Amino acid sequence: SSDLEESAQSSEQGYSQNRLVSMLNARKKIVKEKGATPTDLENEVAKALFDIEVSPSSDIKADLKDVYISGAKEFEVGKGGVAIVIHMPFRVWKTVKKIQGRLIRELEKKFSRKHIILVANRTILDKNFKRKGLKVRPRSRTLTAVHEAILEDVCGPTEIVGKRTRISVDGTKLLKVFLDPKDKDKENIEGKLSTYAAVYNKLTNKQAVFMFSDA
């Protein structure tokens, strides 16, 4: 029986060592600003990313090698729905864009019944940019440009084919966003339109409605 106990102990040790290694590897998939401690959700997302990267059946594992996250938050959307918004450092966004649809699909398998939204970190430079030693403010750093980019991130990889702003009598603006109709039947995109609107509003404080344009 002592042999049995020993083997049970060693398999338990092996399991916890493997778990530790897996956790340490997953930690590499998240880099927080100023070394802040990741939340439980961020650790979960990092682990899910790492699992996809090492999965033999994953066709995006090579792309994921250099991809990591900088944050993740859950938002309530619609009637009892939940979206996880995952922030990615801008330097890895080019890689993420290539695999955005497939990565969302893989992550949504791991976080069942939750919509996954991937967004790049972008810095807005206000009108005081000269104090920061810059002569010219890059167009991509203006509030308008950053909000336009967030709009594209939120509904990506589905393309925006048109936008229209409606101003109501009381002066409030509503942005109508028309999406490429060829994606209408893909991956429950239609079921995500209200999620896109809720997340865009949370990230920019602007009102938008998403719909498919008539082909």
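The values are calculated or read from the model by the stated rules, or taken from the named source; none is laboratory data. Computed from a predicted model, the values in this text were never measured in an experiment. FYI the Cβ positions are ideal-geometry reconstructions off the backbone, even for glycines, and counts take in every protein chain you see. For the accessible areas, the whole protein counts, side chains as well, though only heavy atoms, and no ligand, DNA or RNA atoms are used. Shrake-Rupley method; radii C 1.70, N 1.55, O 1.52, S 1.80 Å.
Some values worked out for this structure:
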read-out	value
Computed over region 33-74, Cα set: Rg, Dmax in Å	11.5, 35
Length added when fully stretched, E148-T172, from 0.36 nm per residue minus Cα-Cα	6.8 nm
Extension gain (nm, one decimal) between V209 and T123, 0.36 nm per residue minus Cα-Cα	28.5 nm
Kirkwood-Stokes translational diffusion coefficient of region 104-215, alpha-carbon pairs, 25 °C, 0.890 mPa s, µm²/s	157
Which label in (1) 17.7; (2) 19.5; (3) 23.3 gives the computed Kirkwood radius over Cα pairs in Å	(2)
Cross-link pairs K94/K184; K28/K192; K32/K135; K98/K182; K163/K192; K32/K94 - those with Cα-Cα distance over 21 Å	K94/K184; K28/K192; K32/K135
Under 16 Å from K173, Cα to Cα: aspartates and glutamates that are on another chain or at least 8 residues apart	E148
Surface share of carbon and sulfur [accessible, 1.4 angstrom probe, percent] for the chain	50
Relative contact order, percent, the chain [alpha-carbon distance under 8 Å, six or more residues apart]	13
Per residue value of the accessible surface for region 17-172 (all protein chains in place, 1.4 Å probe), Å²	63
Gyration tensor over alpha-carbon atoms, region 63-153, equivalent ellipsoid semi-axes in Å	29, 16, 10
Simple spin-label estimate for R141 and A36 in nanometres, 7 Å along Cα-Cβ	2.1
Antiparallel DSSP beta bridges within region 68-150, as percent of all bridges there, nearest 5	50
